[in-house]
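The next block holds one structure in the form of structure tokens; read it before the comments.
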Amino acid sequence: MKVDIVTIFPKMVEAPLAEGIVARAIARGIIDARVHDLREFTTDRHRVVDDVPFGGGPGMVLKPEPLFAAVETHRTPGARVILMDPRGRRFTQDVAQGLSHESHLILIAGRYEGVDERVSESLADDAISIGDYVLTGGELPALVVADAVVRLVPGVLGDDSGAARDSFACGLLESPQYTRPEDFRGARVPDVLLSGDHARIARWRRVQSLWRTWQKRPDLLETAHLDAEDRAILEKFRLGEIPDAIVSSGLAGRASGHLTDRRP
């Protein structure tokens, strides 16, 4: 996959790309990621990339000429041009999964009061927002999108199946994770994770994933990929049963543990 990021602050973007999993993917040739200084695509001696908005108002607006020049210079057949824009569609794991199948992404990082509307109308194929809050520019959103997408490209992670177990991969939050030591200040790793019983461990993780989502992000359950067993487990939560009891008894059994604070 090829990823180009267009920005007026290239150093702000280059540093994160030089570390961690993305950097290793670049070094291994799985990802070709490049950062482009928008000022390199200006034609005036002052390298101006913004101007005052027509109709008045505060702030400055990024001009269309350098943005069109930058994208048209690096665009390849099949490239998808994405503007980081608070008016864009909300970025989710499903969106990241879809973008991971693209061969070439060009991410435009906006700044100031925004970007000339003709960029949205005639240059960008898509607009993405990472959340309902205000940042000083589109560089951080571009990095968020790049990181979330790149890690889904086959070969980037050491274990490609790891991405399938991440939070939001199937619409749920991920189950708790533990490592050594087994006992830290009296807090022990759950016995099931030390049992070597892979089927029971898988069931524990699924139940915990459902539990965490039900407790912390119940809104996700409306669109999560749930089967009949998942729905039966959620019903047990609503009846007051606790995760460990469900894992121990199985769906057919009646758990003895109950919650003191029940969710309606």
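The values are calculated or read from the model by the stated rules, or taken from the named source; none is laboratory data. None of the values given here were measured: they were computed from a predicted structure. Here the Cβ is made from the backbone with ideal geometry for all residues, glycine too, and neighbour counts use every protein chain on show. Only protein heavy atoms, including side chains, enter the accessible area calculation; ligands, DNA and RNA are left aside. Shrake-Rupley method; radii C 1.70, N 1.55, O 1.52, S 1.80 Å.
Across the range 1-21, what is the total count of residues that are open to solvent by 60 Å² or more (accessible area, probe 1.4 Å) and in contact (Cβ under 8 Å) with a residue 40 or more places away in the chain?
Number satisfying all stated conditions: 4.
Residues to consider are ARG151, ARG203; find the one that is within 24 Å of the chain's Cα centre (by Cα) and basic (Lys, Arg).
Exactly one residue qualifies, and that residue is ARG151.
Wholly within the range 186-251, which helices (runs of 4 or more DSSP H) include no fewer than the required count, namely at least 3 residues that are modelled with pLDDT of 95 or more?
By residue number, 198-216, 228-238.
From the list ARG87, ARG24, ARG39, ARG34, which residue is part of a helix (DSSP H, G or I), open to solvent by 10 Å² or more (accessible area, probe 1.4 Å), within 18 Å of GLU139 (Cα to Cα) and not hydroxyl-bearing (Ser, Thr, Tyr)?
Criteria check complete, one pass: ARG39.
Just give me the residues in the range 73-96 being among the basic types (Lys, Arg) and under 18 Å from the mean Cα position of the chain (by Cα), in sequence order.
Scanning the range 73-96 gives ARG80, ARG87, ARG89, ARG90.
Identify, from the list SER129, SER103, the residue that is loosely packed, with under 15 Cβ neighbours inside 10 Å, among the polar types (S, T, N, Q), closer than 22 Å to GLU14 by Cα and modelled with pLDDT of 95 or more.
Going through SER129, SER103 in turn, just one is loosely packed, with under 15 Cβ neighbours inside 10 Å, among the polar types (S, T, N, Q), closer than 22 Å to GLU14 by Cα and modelled with pLDDT of 95 or more: SER103.
Among the residues of the range 176-215 satisfying the criterion of being over 19 Å from SER249 (Cα atoms) and among the polar types (S, T, N, Q), which is least open to solvent (accessible area, probe 1.4 Å)?
Of everything passing the filter in the range 176-215, THR213 is least open to solvent (accessible area, probe 1.4 Å).
Kindly indicate whether ASP44 is among the acidic types (Asp, Glu), in contact with a Lys or Arg (Cβ under 9 Å, 6 or more places away or on another chain) and either over 28 Å from GLU19 (Cα atoms) or modelled with pLDDT under 95 (or both).
Judged against the criteria, ASP44 is not a match.
Within the range 146-170, restricting attention to residues that are open to solvent by less than 20 Å² (accessible area, probe 1.4 Å) and in contact with a Leu (Cβ under 6 Å, 6 or more places away or on another chain), which residue is modelled with the lowest pLDDT?
Of everything passing the filter in the range 146-170, ALA163 is modelled with the lowest pLDDT.
Sort through ALA109, ALA70, ALA96 and tell me the only one that's within 17 Å of ASP4 (Cα to Cα), without any contact (Cβ under 8 Å) to a residue 60 or more places away in the chain and either buried (at least 17 other Cβ atoms within 10 Å of the Cβ) or charged (D, E, K, R) (or both).
After applying the criteria, what remains is ALA96.
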